[in-house]
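The values are calculated or read from the model by the stated rules, or taken from the named source; none is laboratory data. Bear in mind that the values here come from a model prediction, so they are computed numbers and not experimental data. Cβ placement follows ideal geometry from the backbone for every residue including glycine, while neighbour counts extend to all protein chains displayed. Remember, those area values only see protein heavy atoms, side chains included, never the ligands or the DNA or RNA. Shrake-Rupley method; radii C 1.70, N 1.55, O 1.52, S 1.80 Å.
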Amino acid sequence: MPRKVIIDCDPGQDDAVALFLAMASPGELDILGVTTVAGNVPLALTQRNARMMCDIAGRRDMRVFAGCERPLRRAPITAEYIHGATGIDGVDVFEPDTPLEAQHAVDFIVDTLRNEVPVTLIPTGPMTNFAAAIEREPSVLDNVEQIVSMGGAMREGGNRSPSAEFNVLADPHAAEIVYNCGRPVTALGLDVTHQVLSTRERVARIRELGNDVAAATAGMLSFFHRYDTRKYGSEGAPLHDPCTVAWLLEPDLFQTKRCNVSVETDSELTMGHTAVDFWHVTDRPHNVDWAYTIDADGFYDLLVERIARFGD
Ligand code: BDR
Ligand code: CA
């Protein structure tokens, strides 16, 4: 039986690739809905971008919801300087046929968790929608099987501030709620996603698959490449969000360690920092499985194998 999942995202080129990887994997993942949130770009764009990816993947039956327009307590931040003005620069924008559901994403999450047992949540943007659902109705947690999030950083430091990763910095209060919700949480932060580099060879392998999803993926990753390779001086840009789906499909690609992760929500200097107690030097409860290594070649083999399926 495929695992029931809700993907909560802010596409974002890497969110888009995470959606493709999940849509290519119906044997393992039953996508109940795609919920969108303000993050890389404002909500009006993230919900449109998610629907575009469903069109490109030939999955106009996918249910896509728009959620929170702003973080729980802080002012919104965006990342057009990385993702481009559309959030998904690298593909041509069009008005998708995949409809936008009328229901608010947070209502959908609450209703689904009331009725479906059990559900895995996959946040690949600021965690505002899931945190709002938990705040509104804590009992929904009973039906959360697992949370697999992209966010945070320990060894890699921050990518949006010296000490914070973008998704957690964008809504640190939401991240704190999700990490401490009492259900199993796996966090794929920059420590692993910076090991997953979209080198030119890897992007070429995807492009050569020759289907629409492969072309869109290669186009978006090539755009990503320009900014990040300048920033990091690396061979290719890190590919963040698909690590969540890959962990669900092939957990053996990763090494994780259960430990305490606490989020800074007070200091403006270090706001959104994830304090990862990797060496268990405190008595704080072990609330998160923190990922620290990934088999990057194995990850790209998986991605290529799954994207090839769209040509069938
Ligand atoms: C995260 O921030 C966003 O820019 C990406 O989509 C990813 O979810 C990486 O820090
Ligand atoms: Ca994202």
### Task
Collect residues whose amide H, placed 1.01 Å from N in the peptide plane, falls under 5 Å from the amide H of A164; neighbours closer than 5 in sequence don't count.
G158, N159
### Query
Which whole number in µm²/s is D for region 1-102 by Stokes-Einstein, with the Kirkwood Rh taken over Cα pairs at 25 °C and 0.890 mPa s?
180
### Task
Collect residues whose amide H, placed 1.01 Å from N in the peptide plane, falls under 5 Å from the amide H of L29; neighbours closer than 5 in sequence don't count.
R3
### Query
How big is region 79-136 by the Kirkwood estimate over distinct Cα pairs, in Å?
14.1
### Task
Return the percentage of antiparallel bridges among DSSP beta bridges fully within the chain, rounded to the nearest 5 %.
30
### Message
At 24 angstrom or more along the helix axis (alpha-carbon based) and mean Kyte-Doolittle of -0.5 or higher, what helices does the chain contain? Whole DSSP H runs only.
### Response
212-232
### Query
Which percent of Cα-Cα pairs in the chain sits in each 20 Å bin, short to long?
37, 60, 3
### Query
Between D30 and N115, what length in nm is gained on full extension when 0.36 nm per residue of separation is reduced by their alpha carbon distance?
29.1 nm
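Once the Cα gyration tensor of region 265-312 is diagonalised, what are the square roots of 5 times its eigenvalues, in whole Å and ordered largest first, as equivalent ellipsoid semi-axes?
Over the Cα atoms of region 265-312, the semi-axes work out to 37, 16, 10 Å.
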### Message
Which residue fluctuates most in the GNM of the chain (Cα springs below 10 Å): P96, P238, P123?
### Response
P96
### Summary
Expected max-MSF residue from V117, V148, V41 in the GNM of the chain (alpha carbon, under 10 Å) is V117
### Over the chain: helical MRE at 222 nm, DSSP H runs n ≥ 4 each giving -39500 (n - 2.57), nearest 500
-11000 deg cm²/dmol
## Note on the structure
Heavy-atom accessible area of the chain with neighbours in place, 1.4 angstrom probe: carbon+sulfur share in percent works out to 48
## Note on the structure
Kirkwood calc, region 171-312, C-alpha pairs only, radius in angstrom 16.7
### Task
May I ask you to list the trypsin sites (Lys or Arg not before Pro) in region 129-168 that are in a DSSP loop and have at most 13 other Cβ atoms within 10 Å of their Cβ?
R155
#### Entry: Centre separation in Å (Cα based) which lies between region 231-249 and region 3-72
17
### Message
Can you compute the charge dipole magnitude of the chain about its Cα centre, using +1 on each Lys and Arg Cβ and -1 on each Asp and Glu Cβ, nothing else charged? Give it in debye, rounded to the nearest 20.
### Response
260
